[in-house]
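Please read the structure below before turning to the comments.
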Amino acid sequence: MLSNIRQILPAHKFMKKLKYIFLSTLLALPLFAIPALAAGDTTPPTAPTNLVATLNVSNQPSLTWTASTDNVGVVGYVVLRNNGLVGVTSATNFVDTTTATSTAYSYTAIAYDAANNFSLASSPASITTGSGTPDTTPPSAPTNLAALLNGLGQVSLTWATSTDNVGVMGYTVTRNSSMIGTSSLPSFLDTSVASNTTYVYTVTASDSAGNVSGVSNSVSITTSTVTTTGDTTPPTAPTNLVASLNGSGQVSLSWTASTDNVGVLGYSIMRDGSSIGTSTTPSFLDTSVASSTTYVYTVTAFDTAGNVSGASNSVSITTSTGGTGGNGNPGDKNENENEKEGGHGIGSENSNENESNSHYDGGEHHGTTTPETTWSAKTSENSHVQQSGN
């Protein structure tokens, strides 16, 4: 509709018409969705960024984005679906509950302030809803759960990835029969342990439909008293880090062992800057890789006093097409870049460990939807709507 209006109206009248349509839409919404007008402010908010669309367990598009900024303050966001107004929200997330199954949609978001200045539209995010057939198949149970103590006396857990007919969403970690956290990777760092205490851990996997796997093998470990004074000498950095693909398309890492004045306790493995696990031996198998993807690995060593070595050389490798279950081939990239990275302190290593822990928040803001109202918005033309005279 607006494309036709745009062709027959001068620019200033078109913008007034656009504002009229939007304000008319707001009048049809609950009162809490209508912003107060603020006179004098003509500066629009910045455009929302990092718009992402995913399907929730009800097969509805769930949108999230990075908040806009404004010289006075952002009041809310207009959510567009296929260039039509689908809702207004004051949060940086929105769930579209009016979609059909097996249908492709494209979304954008626009910020506005109290003076009804409108930002540019965000970059679009596209998603296709599912067929509507419920997924009742749970993931396979995690296997090979192992536990060891890192240099700070914390418990580092690793396990073999689960599989699912649709896709594994994450893992739930249980300690002594109580849940203590979740992770999107096959690893978890328990930082809340007490010294000289025995703990028993298990892990389950879940998918986006809420199906939960069977329980992994249990593993028991006893923490020790960590001495943080006395030994201040870190281990030497691991050297000769090499990566290769095994017959299942997984990344196998090996390196030359570090040395320490007291003794090396273990190694922390980093992939693309995030911790993915620990090992007590100079080798590690990364089973959580995707196909046709390039990864960069480094390794650090730690001792019982919490001293952490400098990083090893970095090594880059590209997995084969088909990922796990496929076969590696000589054409896969396997480059030992011999880039010596600077050492980092205990706090940095522990921070990276914690980055692998993901906590899910099921709370999503369901914005008010008005699917019958159409508002054509083009990123190139929608600079902002300003108050105009008469």
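The values are calculated or read from the model by the stated rules, or taken from the named source; none is laboratory data. Note that this is a predicted model, so its numbers are computed, not measured. We place every Cβ from the backbone using ideal geometry, glycine too, and count neighbours over all the protein chains shown.
The selection criterion, being among the acidic types (Asp, Glu) and more than 25 Å from the chain's Cα centre (by Cα), does not hold for Asp272. The number of residues in the range 177-214 being assigned to a strand (DSSP E or B), of a type in the set (A, V, I, L, M, F, W, C) and surrounded by fewer than 19 Cβ atoms within 10 Å (Cβ to Cβ) comes to 4. Based on what the data block shows, is Ser258 assigned to a loop (DSSP other than H, G, I, E, B) and under 26 Å from Asp135 (Cβ atoms)? When the stated conditions are applied, Ser258 does not pass them. Condition check: out of contact with any Lys or Arg (no Cβ under 7 Å at 6 or more places or on another chain), over 22 Å from Ser314 (Cβ atoms) and assigned by TED's automatic domain parsing to the domain that holds Ala305. Does Gly214 satisfy that? Judged against the criteria, Gly214 is not a match.
Pick out the one residue from Thr232, Thr281 that is without any contact (Cβ under 8 Å) to a residue 40 or more places away in the chain and part of a loop (DSSP other than H, G, I, E, B). Full working, then the answer.
On the way: Thr232 fails: without any contact (Cβ under 8 Å) to a residue 40 or more places away in the chain.
Thr281 is the lone residue from the list that is without any contact (Cβ under 8 Å) to a residue 40 or more places away in the chain and part of a loop (DSSP other than H, G, I, E, B).
The conditions of being more than 30 Å from Val75 (Cβ to Cβ), of a type outside the set (D, E, K, R), part of a loop (DSSP other than H, G, I, E, B) and in contact (Cβ under 8 Å) with a residue 40 or more places away in the chain are met by Gly153. Elements of the type strands (runs of 3 or more DSSP E) sitting completely within the range 67-139 and holding at least 2 residues that are outside the structural domain of Ala205 (by TED's automatic domain parsing), surrounded by fewer than 16 Cβ atoms within 10 Å (Cβ to Cβ) and among the hydroxyl-bearing types (Ser, Thr, Tyr): these cover 125-128.
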